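Working notes, beginning with the structure itself.
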Amino acid sequence: MTLKSTIIHRTEAPVKASSAFGWAAIFLVFFLGFAGGIAGQGNLIRLLFPAFSLVVALYLYLEFSLLYAGFTWWIWCLTPLIRRLCDYYGTPDPNGIILLTPYLVTFVSVFSLIKYLPKVHRMGGLPFIAAALAVTYAFIIGLIQNPAIGATRAFLDWITPVIFAFYLFSNWSNYPDYRDNIQKTFLWLTLVTGVYGIFQYLTAPAWDGFWLEQTQIVTMGEPVPMGLRIWSTLHSPSPFATMMMAGVLLLLVTPSKWSIPVAIVGYLAFLLTLVRSAWGGWFVGLLTLVASLRPSFQIRLVLTGVLIALLLVPITSNQAFSDRLNERFDSIVNIQQDHSLGARQSTYDRDLNIALSQFLGRGMGSTWAVNPMNGQLEKIVLDSGILDSFFTLGWVGTIFYMGGLVTLLGKSFRDKDRQDQAFTAVSRSISLGIVAQLGLSSLMIGFSGMILWAFVGISMAAQNYHTNAKRSLSRAAYLSEVDIATISR
């Protein structure tokens, strides 16, 4: 039997959470990446790290599914930092080949989609299929109309969040384990990336400064201490801010003694990204979360928030942080002087009618171009998920893609289950907080898309889990009544 058939036809079994060998494999992969990068072996690491990561991902997917889920999140977060170390201590790679690693690791979860495809209708997973079909359609159009490398690169950005979300959804029978895994993983992600982000802001590490100088992205600040908009271990402030938005909202309902200390770190790093749209998304998510909870939970949430604010305010009042933060907050108030908002308005004025006229769409790769000066593949910045959707997917694809996403969100809000209210409520809130920003950024793709779709997927898994649990209880109660009636006769 081939590896593919082994993966697809593997029999159902209780999820296995941990393994000494699995943890050792994960540790060795990251040790290889960081140690090799610092040792100046960047050319070798760019090939070995993706290959070893894929092998470990396949092993974990087959044997220790929870470890695979957590490993996937860490790969997305740490690979960009490994790339910068390889570039700084070795020969820079302008194409960023090592950045394929998260896509390879995530794409392993496509076997779940193949495995459950015959019964996806009974599972309630058709909206995931609709979104995946829309992306595949745009990929085919892209291969016809655009350069193959650009179409493939865009396809990976669009498809990986959807298939990973379906992977979480398809494991609904083990939902409590995946819920706990997400909470633990994001707690540690928030702590590690938050601490590094604050360190990055205060010291401007040489490898981060070197990378910023190479990319010449002026909107991310200057490579000097306290002169950066932090992006931590990721590759830009926006996806890092999206992750921190999810992390700090999750911490409000995570039952851990570390929740509040980690939240302090997380909120400070979140503020230092200076991504105002993510701040607004957090506010939308918080309002949705509060409105979704029972009064007892609401009171607890408010008290937790007040405590975090009391501990955070003295830190942000320090001049090292206050100058940059006050300047950014002032830009929200003085909207007339907001240059980025003006640029987005100009983009909509110029491109909205053109985007809405795309019936079939331009396909994957239409928002990527090859720079004639250096031959590198570069993304055309639209700063709008709406424009990106219509340009790439057209009306045909957008209806299926956005229809699938909206349908899933709608289902999650119709869930009246109260057994797991806090986590399901925060999952919905995180997804809605990201959706609220789609008019300002393409957050449905790449790492931000992973977060959006993953929390949609786990919300649907929770719904299936509780629905089936209720049916099982009802059936058990019915059989019990039948047994009693039989005995009485």
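The values are calculated or read from the model by the stated rules, or taken from the named source; none is laboratory data. Here the structure is a predicted model, which is why all the values come from computation and not from measurement. Note that each Cβ is placed from the backbone with ideal geometry, even for glycine, and that neighbours are counted across all protein chains shown. Ligands, DNA and RNA are excluded from the accessible area calculation, which covers all protein heavy atoms including side chains. Shrake-Rupley method; radii C 1.70, N 1.55, O 1.52, S 1.80 Å.
Results, tabulated for the structure shown:
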| read-out | value |
| --- | --- |
| For residue 257: the one exception among (1) in a loop (DSSP other than H, G, I, E, B); (2) in contact with a helix residue (DSSP H, G or I) (Cβ under 6 Å, 6 or more places away or on another chain) | (2) |
| Qualifying residues in the stretch 182-217 (those that are over 14 Å from residue 231 (Cβ atoms) and out of contact with any helix residue (DSSP H, G or I) (no Cβ under 9 Å at 6 or more places or on another chain)) - the one most open to solvent (accessible area, probe 1.4 Å) | 216 |
| Residue satisfying all of: in the stretch 194-221; assigned to a helix (DSSP H, G or I), within 19 Å of residue 85 (Cβ to Cβ) and small (Gly, Ala, Ser); farthest from the chain's Cα centre (by Cα) among these | 206 |
| Residue, surrounded by the most Cβ atoms within 10 Å (Cβ to Cβ), within the stretch 111-134, restricted to residues that are out of contact with any Ser or Thr (no Cβ under 9 Å at 6 or more places or on another chain) and among the aliphatic types (A, V, I, L, M) | 131 |
| Which listed residue is assigned to a loop (DSSP other than H, G, I, E, B) and out of contact with any Lys or Arg (no Cβ under 9 Å at 6 or more places or on another chain), from 302, 224, 262 | 224 |
| Selected residue [modelled with pLDDT of 75 or more, under 27 Å from residue 165 (Cα atoms), open to solvent by 20 Å² or more (accessible area, probe 1.4 Å) and touching a helix residue (DSSP H, G or I) at 6+ places or on another chain (Cβ under 6 Å)] from 387, 360, 382 | 360 |
| Among the candidates 149, 97, 140, residue that is over 23 Å from residue 406 (Cβ atoms), touching a Pro at 6+ places or on another chain (Cβ under 8 Å) and surrounded by fewer than 18 Cβ atoms within 10 Å (Cβ to Cβ) | 97 |
| Residue in the stretch 48-60 that is crowded, with 17+ Cβ neighbours inside 10 Å, touching a Gly at 6+ places or on another chain (Cβ under 7 Å), in contact (Cβ under 8 Å) with a residue 40 or more places away in the chain and closer than 19 Å to residue 27 by Cβ present | yes |
| Residue list for the stretch 290-315, filter: within 27 Å of the chain's Cα centre (by Cα) and surrounded by 16 or more Cβ atoms within 10 Å (Cβ to Cβ) | 290, 292, 293, 297, 301, 304, 308, 312 |
| Members of the stretch 238-249 found to be closer than 21 Å to residue 203 by Cα and either in contact with a strand residue (DSSP E or B) (Cβ under 7 Å, 6 or more places away or on another chain) or open to solvent by less than 10 Å² (accessible area, probe 1.4 Å) (or both), listed by number | 240, 241, 244 |
| The lone exception for residue 407 - which of (1) in contact with a Phe, Trp or Tyr (Cβ under 9 Å, 6 or more places away or on another chain); (2) open to solvent by 40 Å² or more (accessible area, probe 1.4 Å); (3) modelled with pLDDT of 70 or more it fails | (1) |
| From the options 102, 80, residue that is under 30 Å from residue 209 (Cα atoms), open to solvent by less than 40 Å² (accessible area, probe 1.4 Å) and either in contact with a His (Cβ under 8 Å, 6 or more places away or on another chain) or free of Cβ contacts under 8 Å to residues at least 24 places away in the same chain (or both) | 80 |
| Pairs where the first residue, in the stretch 286-297, is assigned to a helix (DSSP H, G or I) and the second is at pLDDT 85 or above and basic (Lys, Arg), C-beta under 7 Å, 6+ apart | 288/428; 292/428 |
| Top-ranked residue of the stretch 238-285 - restricted to ones that are of a type in the set (S, T, N, Q) and closer than 19 Å to residue 424 by Cβ, ranked as modelled with the highest pLDDT | 259 |
